[in-house]
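*Asks:* This is the structure, below, for whatever I ask next.
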């Protein structure tokens, strides 16, 4: 492999910038810039020089040997002073060393995958961890990056390989008396894996919402206080408010960290009958987005009922509580009355939906697991029909094993690697 290098921290001025070099010539590059190779896996202060001997910077240098680095290759990291000029000078000096080239997006992580330091699920977890904005996203990404899904896959794979071995024994000794009927043990092994896969599949939808964010639509009649509520939740003037009905024509989105959960609040056009063509389009769009949202908060002004099909968990609440003198509970975006209680209710509702989140987080995971379950269910239908079909049942188990192998990147994932790594920055 070629030796690659890149800035691994964000571009721009900073206190410290890290430049990473990985590949067979990484230690040579270190020697060229430092004059020697510092002791491995210890931070050592060195003066860096370019090939002409001009001083570049004073840096902390970390040297890793093969199989002891993130990529599994010989690696060097230079912790520089984080000015744009220093980073540029060091990158130029590395580029002038024979055998080195700039890294492509995600290439360090791709090498970690190819060298067996990470499985594909861990790579996806790392991507999610880099993109995490809330505590729930961080925790979920960290579980995936830790290799927990790969460990589960390995346990499932071990059970299925055991089941295949038992069936193969009946095939190999088909002309002889097999002392033990293996069908009960094979069935137990397969049923156990199906049960665990079904549990993971059931939790993927909620896990996807944690990763991408929930949507909460604020709906109601015109001028009921939807935009005022959105502005209060956002802590800024995200939506225009006015005493005139029909001010909001399009869906306004505000993304927030709701006590650790990623939530996008949607301010929608007021629901009413109108002859205004543009407002009608806004109302149609509001109904569509609200229907697709994870949760709806319907604001009512008086005893009127929601002009919208509500679902389990949706919230109907009295608006403009600051104008009430009846003691009726409600909210006010103007004074903040009832806002903490509303936020707590929204969070509790969303938290109840993520309580069953497992380790799988992506649609790709779902498809791989569903393929595995379908093959295993086919095997369970074949098993009771006798030893004569053991070979077919064994092949169905192999299909399931291959589906699980694709889950962690052992086979059949080459076509999605470019898409995954394209989302990474150069330094990863």
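The values are calculated or read from the model by the stated rules, or taken from the named source; none is laboratory data. None of these values were measured; they are calculated from a predicted model. All Cβ positions, glycine included, derive from the backbone under ideal geometry; neighbour counts span all protein chains shown.
Matching residues to (1) touching a strand residue (DSSP E or B) at 6+ places or on another chain (Cβ under 6 Å); (2) part of a helix (DSSP H, G or I); (3) in the same structural domain as residue 185 (by TED's automatic domain parsing):
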residue: 344; (1), (2), (3): no, yes, no
residue: 357; (1), (2), (3): no, no, no
residue: 368; (1), (2), (3): no, yes, yes
residue: 372; (1), (2), (3): no, yes, yes
residue: 376; (1), (2), (3): no, yes, yes
residue: 389; (1), (2), (3): no, yes, yes
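*Asks:* Out of (1) farther than 26 Å from residue 146 by Cβ; (2) under 27 Å from the mean Cα position of the chain (by Cα), what's the single condition that is false for residue 59?
*Replies:* In the conditions (1) farther than 26 Å from residue 146 by Cβ; (2) under 27 Å from the mean Cα position of the chain (by Cα), residue 59 misses (2) alone.
*Asks:* Six or more apart or on different chains, Cβ atoms under 8 Å: show the pairs whose first residue is in the stretch 207-222 and on the phi < 0 side of the Ramachandran plot and free of Cβ contacts under 8 Å to residues at least 60 places away in the same chain and whose second is surrounded by fewer than 23 Cβ atoms within 10 Å (Cβ to Cβ) and assigned to a strand (DSSP E or B).
*Replies:* 212/262
*Asks:* I've got another one for you. Considering each residue of the stretch 31-66, count those that are without any contact (Cβ under 8 Å) to a residue 12 or more places away in the chain and part of a loop (DSSP other than H, G, I, E, B), and give that number.
*Replies:* Here the count works out to 5.
*Asks:* Given the criteria touching a residue at least 12 places away in the same chain (Cβ under 8 Å), closer than 29 Å to residue 124 by Cα, crowded, with 20+ Cβ neighbours inside 10 Å and touching a helix residue (DSSP H, G or I) at 6+ places or on another chain (Cβ under 6 Å), does residue 76 qualify?
*Replies:* So residue 76 fits the description; yes.
*Asks:* Residue 35 - would you say it is assigned by TED's automatic domain parsing to the domain that holds residue 80, under 18 Å from residue 95 (Cα atoms) and crowded, with 19+ Cβ neighbours inside 10 Å?
*Replies:* So residue 35 does not fit the description; no.
*Asks:* Hey, another quick one. Scanning for something at pLDDT 85 or above, in the same structural domain as residue 263 (by TED's automatic domain parsing) and assigned to a loop (DSSP other than H, G, I, E, B), does the stretch 294-309 turn up at least one residue?
*Replies:* yes
*Asks:* When you scan the stretch 92-103, how many residues do you find that are surrounded by 15 or more Cβ atoms within 10 Å (Cβ to Cβ) and assigned to a helix (DSSP H, G or I)?
*Replies:* So the answer is 2.
*Asks:* Moving on. Outside any loop (DSSP other than H, G, I, E, B) and modelled with pLDDT under 80: does that describe residue 171?
*Replies:* When the stated conditions are applied, residue 171 passes them.
*Asks:* Collect the residues in the stretch 107-147 that are over 16 Å from residue 209 (Cα atoms) and touching a strand residue (DSSP E or B) at 6+ places or on another chain (Cβ under 8 Å), keeping them in residue-number order.
*Replies:* Answer for the stretch 107-147, where residues must be over 16 Å from residue 209 (Cα atoms) and touching a strand residue (DSSP E or B) at 6+ places or on another chain (Cβ under 8 Å): 107, 108, 111.
*Asks:* Further question: Answer with yes or no whether residue 219 is at pLDDT 80 or above, under 30 Å from the mean Cα position of the chain (by Cα), buried (at least 20 other Cβ atoms within 10 Å of the Cβ) and closer than 24 Å to residue 209 by Cα.
*Replies:* Yes.
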